Amino acid sequence: MRVDQAPEPLGFKDAIHKKGMAWLRRNPNKDPSSYYWERAKLPNGLTCREALHKGYHGICAYSMIRIFDGQSYHVDHFHPKGVARYRKEAYNWGNYRLAGSAWNQRKNARDVQDPFTVPIDACVLRLADGEISYDKKISGWENCQKTIEALGLNEGATRESRKDAYEDYKSLDMGVKRLARDYPFVAYEMLRQNQLKAEDRQPCVDKLHELGFSWVRG
């Protein structure tokens with residue numbers, strides 16, 4: 001599911017980018033230092049990592065499931081920082097994706113679909129069992145297929161959690177705003193497949209817009 005890029009935090013250039021690039025120049029033969037994207041503070045007191053979590057409302061860019069309290073998460077470098085030609089991307093906000101730890105570890109340096117450019121509606125959710133399939137009429141579906149397989153997005157608890165979210169909404173155990181907040185892909189697919197109650201359609205759209213899915217239409 002496509003997500004909008006969050007605005008660069010105030011002070012990021014001076015606190016993270018410039019200092020990180022200076023570190024690279026001083027250490028041309030070392031892997032980029034994680035200090036700047038993990039622990040360096042921005043003017044508002046948040047670390048870069050915390051600002052990324054806040055900017056994306058805690059939603060993992062790959063699973064499209066909120067990273068719940070107590071779960072670990074990473075600053076994923078979409079263009080891998082360990083690859084020589086991407087070394088200078090190590091301290092660029094636009095290269096960061098918020099990723100739950102399990103999905104970031106699976107991604108590693110794999111070439112996967114960028115969440116910022118994934119084709120709209122290329123992925124289709126089968127609500128009854130939580131499985132993601134692909135609309136082969138939409139250009140770019142092959143990259144989505146490759147990404148789903150590489151990251152295990154149709155496996156185990158990831159798939160089950162989507163099915164459970166659908167069932168919880170249908171059984172009235174979960175409201176639409178919580179559904180959209182915690183499982184935005186499930187909420188969007190329920191909207192698209194006309195599985196939401198009529199009175200929940202606009203609140204769902206509004207919540208998805210708030211979370212950074214500006215392209216969603218009711």
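The values are calculated or read from the model by the stated rules, or taken from the named source; none is laboratory data. Source: prediction; values computed, not measured. Cβ atoms come from the backbone with ideal geometry, glycine included; neighbour counts cover every protein chain shown. Surface accessibility is based on the protein's heavy atoms, side chains included, excluding ligands, DNA and RNA. Shrake-Rupley method; radii C 1.70, N 1.55, O 1.52, S 1.80 Å.
General observations
- When region 4-77 is reduced to its Cα atoms, the Kirkwood hydrodynamic radius in Å: 13.3
- Binning all Cα-Cα separations of region 1-46 at 10 Å, short to long from zero, yields these whole-percent fractions: 25, 44, 26, 6.
- Residues of region 4-20 with amide N under 17 Å of a point placed 7 Å along Cα→Cβ from residue 192: 4
- Within the chain: Cβ-based charge dipole about Cα centre, in debye rounded to nearest 20 (Lys, Arg +1; Asp, Glu -1): 1000
- Among the chymotrypsin sites (Phe, Trp or Tyr not before Pro) found in region 1-89, those both in a DSSP coil and sparsely packed, with 12 or fewer other Cβ atoms within 10 Å of their Cβ, are 68.
- For the residue pairs 81/146; 19/88; 136/170; 54/107; 41/88, alpha carbon separations beyond 24 Å are given by 136/170.
- Alpha carbon centroid spacing (whole Å) that separates region 187-201 from region 77-118: 32
- Kirkwood hydrodynamic radius (C-alpha pairs) into Stokes-Einstein, region 68-185, 20 °C and 1.002 mPa s, D in µm²/s: 136
- Placing unit charges on each Cβ (+1 for Lys and Arg, -1 for Asp and Glu) gives region 73-218 a dipole about its Cα centre, and among 169, 93, 127 the Cα reaching farthest toward its positive end belongs to 93.
- In region 77-116, the C-alpha radius of gyration followed by the widest Cα-Cα span (Dmax) gives 9.8, 26 angstrom.
- To put it simply, the accessible area of region 1-153 at a 1.4 Å probe is 48 percent carbon and sulfur.
- All-pairs Cα distance distribution in region 1-134, expressed in whole percent, bin size 10 Å: 12, 40, 34, 11, 3, 0
- For region 163-218, the convex hull drawn through the C-alpha positions has a volume of 65 cubic angstrom per residue.
- Cα centroid separation - region 152-183 against region 1-76, whole Å: 27
- The charge dipole of region 94-218, taken about its Cα centre with unit charges on the Cβ atoms of Lys, Arg (+1), Asp and Glu (-1) only, comes to about 200 debye.
- With the charge dipole of region 23-65 set up from +1 on Lys and Arg Cβ and -1 on Asp and Glu Cβ about the Cα centre, the Cα lying farthest toward the positive end among the listed residues 24, 64, 40 is that of 24.
- The share of C-alpha pairs in region 120-218 whose separation exceeds 20 Å stands at 37 percent.
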